[in-house]
Amino acid sequence: MQARIKRLLGGLFIIFSLQRMGTCPNDNLRPNIVSMVKTIVSIRHAKLEDASEIALAHDASWREAYRGVIPGIELERMIARRGPEWWRAAILRGSGLLVLEIDELIVGYSTFGRNRVPTMPYSGEIFELYLMPQYQGLGFGRRLFNVSRRELAAYGYLSTIVWALADNSKALSFYGRLGGQTVRQAEERFGDNMLSRVAFGFISAPAL
Ligand SMILES: CC(C)(COP(=O)(O)OP(=O)(O)OC[C@H]1O[C@@H](n2cnc3c(N)ncnc32)[C@H](O)[C@@H]1OP(=O)(O)O)[C@@H](O)C(=O)NCCC(=O)NCCS
């Protein structure tokens, strides 16, 4: 029970920002007016009604991450395939799928499950972890990664592997900063192009 509460709290956090609104020129006469703006950020399992918003987050984040990396036609094809229907089916199947929601808007997602390459010594895999461009670089990726790893651990998958395209320097820096070790390199065909992929392994227990 305690672990459940801990996990729940790990996935829900609130950012308070104090904002000074029009300070009075004479502080002795009137106090400054301070307003408290509350931003609710949550990481939770996807629900059926999230499908359209996840498709939008997928579209925006993939375009930003892979424009100029994956050949244009191939990228468009990959994005078009992942419309709301695709996501609805994934949610119905019960796939590991978390969403990052900020002020009731889905701005990122992760998918995860059993490692697809069973010969490698990692039981779990994070298949995808994507944030819309305007929400990157604010610490949300790290949180989504940690909650995803905790979800995997709850199913007994204590170690995790993640693949990223070698040309995706942002992802390589991110997984490196999170403590991942590069453990394999492989080639994958995208349309007419062969691209390199790098696997990062995580053995230590997921961060709380
Ligand atoms: C990769 C991604 C998930 C990272 O999420 P994020 O919220 O931007 O990253 P965070 O702010 O949580 O950063 C976590 C750590 O990674 C580092 N990092 C993140 N982006 C970085 C970059 N572009 N260059 C160098 N370091 C970076 C941060 O400095 C931070 O390290 P620190 O805490 O030790 O300072 C996000 O940028 C994204 O969605 N990118 C596009 C999609 C993508 O490439 N997904 C991965 C596909 S496998």
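The values are calculated or read from the model by the stated rules, or taken from the named source; none is laboratory data. The structure presented is a predicted model; accordingly, all values stated were derived computationally and were not measured. Cβ sites come from the backbone with ideal geometry, for glycine too, and all protein chains shown count toward neighbours.
Do any residues in segment 137-152 that are under 17 Å from Gly96 (Cα atoms) have Cβ atoms under 7 Å from those of residues that are modelled with pLDDT under 95 and among the charged types (D, E, K, R), where the two are at least six apart or on different chains, and which pairs are they?
Arg150/Arg7
Considering only segment 57-74, state which residues are without any contact (Cβ under 8 Å) to a residue 60 or more places away in the chain and either out of contact with any helix residue (DSSP H, G or I) (no Cβ under 9 Å at 6 or more places or on another chain) or among the aliphatic types (A, V, I, L, M) (or both).
Correct list: Gly68, Gly72.
Exactly one condition in (1) surrounded by 13 or more Cβ atoms within 10 Å (Cβ to Cβ); (2) within 9 Å of the ligand (Cβ to nearest atom); (3) among the small types (Gly, Ala, Ser) is false for Gly113; which is it?
The single condition Gly113 does not satisfy is (2).
Conditions (1) of a type in the set (Asp, Glu); (2) within 20 Å of Ala55 (Cα to Cα); (3) within 11 Å of the ligand (Cβ to nearest atom), marked per residue:
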| residue | (1), (2), (3) |
| --- | --- |
| Arg93 | no, yes, no |
| Arg150 | no, no, no |
| Arg177 | no, no, yes |
| Gln181 | no, no, no |
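I'm trying to understand the selection: among the residues of segment 49-69, which are within 13 Å of the ligand (Cβ to nearest atom) and in contact with a strand residue (DSSP E or B) (Cβ under 8 Å, 6 or more places away or on another chain)?
Of everything in segment 49-69, those that are within 13 Å of the ligand (Cβ to nearest atom) and in contact with a strand residue (DSSP E or B) (Cβ under 8 Å, 6 or more places away or on another chain) turn out to be Ala57, His58, Ser61, Trp62, Ala65, Tyr66, Val69.
Among the residues of segment 185-208 satisfying the criterion of being within 23 Å of Tyr155 (Cβ to Cβ) and not small (Gly, Ala, Ser), which is farthest from the ligand (Cβ to nearest atom)?
Looking at the filtered set, the residue picked out is Ile203.
Being surrounded by 18 or more Cβ atoms within 10 Å (Cβ to Cβ) and either on the phi < 0 side of the Ramachandran plot or within 13 Å of the ligand (Cβ to nearest atom) (or both) is the requirement here; does Gly141 meet it?
So Gly141 fits the description; yes.
Output the residue which, of all residues in segment 181-208 that are outside any strand (DSSP E or B) and touching a strand residue (DSSP E or B) at 6+ places or on another chain (Cβ under 9 Å), is nearest to Ile73 (Cα to Cα).
It comes out as Gly191.
Identify the single condition in (1) within 17 Å of the chain's Cα centre (by Cα); (2) away from the ligand (no atom under 15 Å from the Cβ); (3) among the small types (Gly, Ala, Ser) that Ala164 does not satisfy, given that it satisfies every other one.
Failing condition for Ala164: (2).
Might you let me know whether segment 136-148 holds any residue that is within 21 Å of Gly94 (Cα to Cα) and touching a Pro at 6+ places or on another chain (Cβ under 7 Å)?
Yes, that holds for at least one residue.
Are there any pairs, at least 6 apart or on different chains, whose C-beta atoms fall under 7 Å, with the first in segment 124-135 and more than 9 Å from the ligand (Cβ to nearest atom) and the second basic (Lys, Arg), and if so, which?
Gly124/Arg114; Glu125/Arg114; Glu125/Arg116
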